[in-house]
Amino acid sequence: MNFSIQPRLENERAILYPLQQSDFEALYEVASDPLVWEQHPNKTRWQRPVFETYFDGAMKSGGAFRIVDKATGRTAGSSRFYDYDPQQNSILIGYTFYSREFWGSGLNPSVKHLMLSWIFQYVDKVIFHVGAVNTRSQIAMTRLGARKVKEEEVAYFGEPSRLNCIYEINKADWQAQHP
């Protein structure tokens, strides 16, 4: 891999800072709301010990971000690049969550556009794991131009496996939609 999966990224809506251990409390403040996890595969991530495991996985991934809303300066949530596959020239984006104050605000599509535009300089395909009951994120995937390719059990870092919908976006399709 001749690129970093944890650069500092910025657009008009957000700044994505490479996740640091010192970001734990700011992210846990967002994550401690049980409704944030209502449709996620692991609904108990709002509990501090469960979130500590999530955060540990984020740090170990080497591709996680703290998302900051530029308009308010507030920590809005987190997302990450992970599981780069050089054979398939693909990477995953996921483990994403946002504070409810940013739901429906357009921040998530803006962040995903930023991440996709950057990573497609280096890979040909991006894969997303979306919980099978997470209809909110499934709708977001289709709006982004991703297509559902299958369903499978996915074991998230330090958590039991859960049924997920697998979505993909390939570089050629992305570039055709965003010249």
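Summary table below
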{"item": "Lys/Arg +1, Asp/Glu -1 at C-beta; the chain dipole; positive extreme among ALA172, PHE24, GLN6", "result": "ALA172"}
{"item": "In sequence order, calculated HN-Hα J values of region 85-101 (Karplus, 6.51, -1.76, 1.60; Hz; x Gly/Pro)", "result": "10, x, 5, 8, 6, 9, 8, 9, 10, x, 6, 8, 8, 9, 4, 4, 5"}
{"item": "Hits among lysines - C-alpha to C-alpha of LYS148 under 24 Å, sequence gap 8 or more where chains match", "result": "LYS43, LYS112, LYS125, LYS171"}
{"item": "Alpha carbon convex hull of the chain, volume per residue in cubic angstrom", "result": "111"}
{"item": "Amide N of region 99-129 lying under 18 Å from the label point, which is placed 7 angstrom from the Cα of GLU29 along Cα→Cβ", "result": "99-103"}
{"item": "Cα gyration tensor of region 124-167 - equivalent ellipsoid semi-axes, whole Å, descending", "result": "18, 12, 9"}
{"item": "Helix-only mean residue ellipticity at 222 nm for the chain, each DSSP H run of n ≥ 4 adding -39500 (n - 2.57), per residue, nearest 500", "result": "-8500 deg cm²/dmol"}
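Readers should treat all values here as calculations from the given coordinates under stated rules, not as data from a laboratory. Bear in mind that the values here come from a model prediction, so they are computed numbers and not experimental data. Note that we place each Cβ from the backbone using ideal geometry, even for glycine, and neighbour counts take in every protein chain shown.
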